[in-house]
Amino acid sequence: MFSKLVPIPSGSMIPDRDIDKKPILECIGLGITFGGLKAVEDFNLTIGRTEIAGLIGPNGAGKTTVFNLLTKVYQPTHGTILLDGKDTHGMNTMQVNRAGIARTFQNIRLFGDLSVEDNVKVGMDAQMHYNMWSGIFRLPGFRKEEKTAHERAMELLSIFDMQHLTNAKAGSLPYGAQRRLEIVRALATNPSLLLLDEPAAGMNPSETAELMENIRKIRDTFQIAVLLIEHDMNLVMNICEGICVLNFGRVIAKGSPEDIQSNPAVIEAYLGKQKEA
Amino acid sequence: MKKRTKTSRRNAFTYALVILAFAILQAMTAAGAISSSLKGMLVPICAYVVMAVSLNLTVGILGELSLGHAGFMSVGAFTGVTAAVALQASVPSAPLRLLIGMVVGAAFAALAGFLIGIPVLRLKGDYLAIVTLAFGEIIKSIFNNLYVGVDSHGFHFSLLSDKTNLAEGGKLIIAGPMGIGGIQKIATFTAGVLLVLVTLFVVFNLVNSRAGRAIMAIRDNRIAAESVGINVTKYKMMAFVVSAALAGAAGTLFAMNYSTIVANKFDFNTSILVLVFVVLGGLGNMLGSIVAAAALTILPEALRQFSDYRMLVYAIVLILVMLTTNNPTLRSYLDRAKAAVTGKRHEKEAA
């Protein structure tokens, strides 16, 4: 029982359900230091093309830092990130997104004064082509692309049953809806890898259950990979096919949910060292 | 699509208000019911309205504080008037000359906006404000020391002193600190209102397109905007340059209303004045900018009877307006009134 998170030497060991043999993301020796502090070091991770992977660890372990490295909010000081086999070295946040990584944020970062629909449409900007003048003079290009964008936005919002909220201000939505909207906005950028930073934070158990269904649905519909940070172990163990555990910026374990649950290093990181009875 | 119709209804109301004000003022002028001082202020009011709306694009929509907006007005005024003066002989139609002047003014102001935008838009918040302030002053100094003349050989430029050495029959257009003199006053109220309408058209449609969404997204959350693939530099520049171009056209219109124009007219105080229009009218609220610009341009004239205490009263009025518009009781009353009105409308629609 190998997880796809473990670097796999040969294609034959990739589990059957992963439709492609090539991984979507490979991190090799990734690291960043802030001054003298090694926030993340020697981080290796491989994610399959349609895998749902989890990144867990105690508070301050460096999980969000990994996301910020992947999306180039921070430029890594060491290591390589290969997205679909291509090195993302020298790319900025915008270019990484256009190359296929979309993310949500732990502390929600919506465009609060824009409507729900416009938040989603902002995510489609890179796929729109009409220029400033067709926007100002409402030329046919504007009408056509805006119509398509509207239809696609409604379609994406329907994943989370949010069509009725299209005209609400994003900042005025309830917490759970804001989290869902962030996922929709990220999906609007047509990613091949979706990074979710604590998607279930602040959700009640029934909302979390629904979210789990939706994450699976997203993966199945769009055939994309999902990497999520989450403290809700029920969610992580239920939907993740591979899990990577971070502590103090280092990977302490990788494997399937069953492996992780019984891994002594993980238990120690979460619960402390077991005393001899 | 309720939001869309709400925005477009609001925009339509703004257009209608401008046209209505124009019609009323034209009727009053025709009937002779308008004081000569107000009549002289009609074109400056239009210019300031355009200034306020264009600055609102930078401050309200893009969310960056610019303190050098008068600089772009200055660029537009000097380049636009130079073009109009140079074309005086070849283009006899005054409205056409004014149009060409405004287009030239807008183009040069856009160029200035682009050049200034390259360093300035890398900065944020206070730093951006300080640097735009400095650029406004630099533009003022340049025009205070610039000499431009035209003769049969074309344009001649010189800095610091008049070294243009114009040929026989040549004309010195910009004379350094003396500015441009002997301008034909070809700016009309009609042209001013048309410019206001064009400005509103450009700003409303820009805001209501992918560019506007992206610009507002950058304002609301820059990191999130980058993370969804928004080209932050491009859209910031777009907003800044469009704003500068409109200010340039306003500058030409403004200058064409006077017989002489000097660079000191477009100083820091003018930038602040326009910023006051924007803040008082409400950030991102174009209708507010229009009303504030018109009201605050008329107010000092209307307060002339207080003579020496004029600016004191002006300041007190400003403070009172800000206090009342920010008063929570008054606000909630207004909101309730608004809800009552829209509620009624919904009932009508339902019926």
In which sequence would B:Asp151, B:Asp126 go, from the one with the fewest C-beta neighbours within 10 Å to the one with the most? B:Asp126, B:Asp151
Quick check: Cα centre of segment B:299-322 to Cα centre of segment A:64-135, how many Å? 50 Å
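Taking a threshold of 31 Å on the Cα-Cα distance, which of the pairs A:Lys63/A:Lys144; A:Lys86/A:Lys217; A:Lys22/A:Lys72 fall above it?
Numbers: A:Lys63/A:Lys144 41 Å; A:Lys86/A:Lys217 27 Å; A:Lys22/A:Lys72 23 Å.
Where the Cα-Cα span goes over 31 Å, the pairs concerned are A:Lys63/A:Lys144.
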Averaged over peptide B:227-240, how many Cβ atoms belonging to another chain are found within 10 Å of each residue's Cβ? 6
Acute angle (nearest 10 degrees) that the helix B:286-302 long axis makes with the longest principal axis of chain B, alpha-carbon atoms: 60 degrees
Please determine, in degrees from 0 to 90 and to the nearest 10, the orientation of helix B:268-281 with respect to the longest principal axis defined by the Cα atoms of chain B, where the helix direction is its Cα long axis. 20 degrees
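Please give the average number of partner chain Cβ atoms lying within 10 Å of the Cβ of each residue in A:107-113, rounded to a whole number.
Values: counts 0, 2, 8, 4, 11, 3, 7.
Across the residues of A:107-113, the mean count of other-chain Cβ atoms within 10 Å is 5.
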Using packing as a proxy for protection, rank A:193-203, B:31-41 so that the peptide with the highest average count of other Cβ atoms within 10 Å comes first. A:193-203, B:31-41
Positive end of the dipole of the protein assembly as shown, charges at C-beta (+1 Lys, Arg; -1 Asp, Glu), about the Cα centre: which of A:Ala201, B:Val317, B:Val131 has its Cα farthest in that direction? B:Val317
Label zone at B:Leu159, where the point sits 7 Å out along the Cα-to-Cβ direction: segment B:125-151 residues whose backbone N lies under 18 Å: B:134-149
Using a 7 Å offset from the Cα along the Cα-to-Cβ direction at both B:Leu320 and A:Lys273, what is the distance between the two label points in nm, to one decimal? 7.6 nm
Please arrange A:Lys144, A:Lys169 by how many other C-beta atoms lie within 10 Å of their C-beta, fewest to most. A:Lys144, A:Lys169
Per the 1/(1 + (r/R0)^6) rule, R0 = 35 Å and r from the Cβ atoms of B:Ile118 and A:Asp87, FRET efficiency to 0.05 is 0.75
Which aspartates and glutamates have a Cα less than 16 Å from the Cα of B:Lys171, not counting those fewer than 8 places away in the same chain? B:Asp151, B:Asp162
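Quick check: residue separation of B:Gln305 and B:Leu20 times 0.36 nm, minus the Cα distance between them. What number comes out in nm?
Working: separation 285, 0.36 × 285 = 102.60 nm, distance 2.90 nm.
Additional length available on full extension: 99.7 nm.
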Using 0.36 nm per residue of separation minus the Cα-Cα distance, give me the extension gain between B:Leu38 and B:Lys185 in nm, one decimal. 51.3 nm
Peptide A:121-132 - average C-beta neighbours from other chains (10 Å radius): 6
Once both axes come from the Cα atoms, what is the angle between helix A:175-188 and the longest principal axis of chain A, in degrees from 0 to 90, rounded to 10? 80 degrees
On a straight-distance basis, which aspartates and glutamates could pair with B:Lys265 in a cross-link, Cα separation under 13 angstrom, same-chain partners fewer than 8 positions away excluded? B:Glu137
Please work out whether segment A:29-92 counts as rounded, prolate or oblate from its C-alpha gyration tensor, where a ≥ b ≥ c are the square roots of the eigenvalues and a/c under 1.5 means rounded, while otherwise a/b larger than b/c means prolate and anything else oblate? oblate
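Quick one: net charge of B:Arg219's neighbours, Cβ under 10 Å, K/R +1, D/E -1? Mind dumping the intermediate values first?
On the way: positive: B:Arg222, B:Lys236; negative: A:Asp113, B:Glu64, B:Asp220.
Its environment carries a net charge of -1.
Only the coordinates and a few stated rules stand behind these numbers; no lab work does. Keep in mind that this is a model prediction, so the values were computed, not measured. We place every Cβ from the backbone using ideal geometry, glycine too, and count neighbours over all the protein chains shown.
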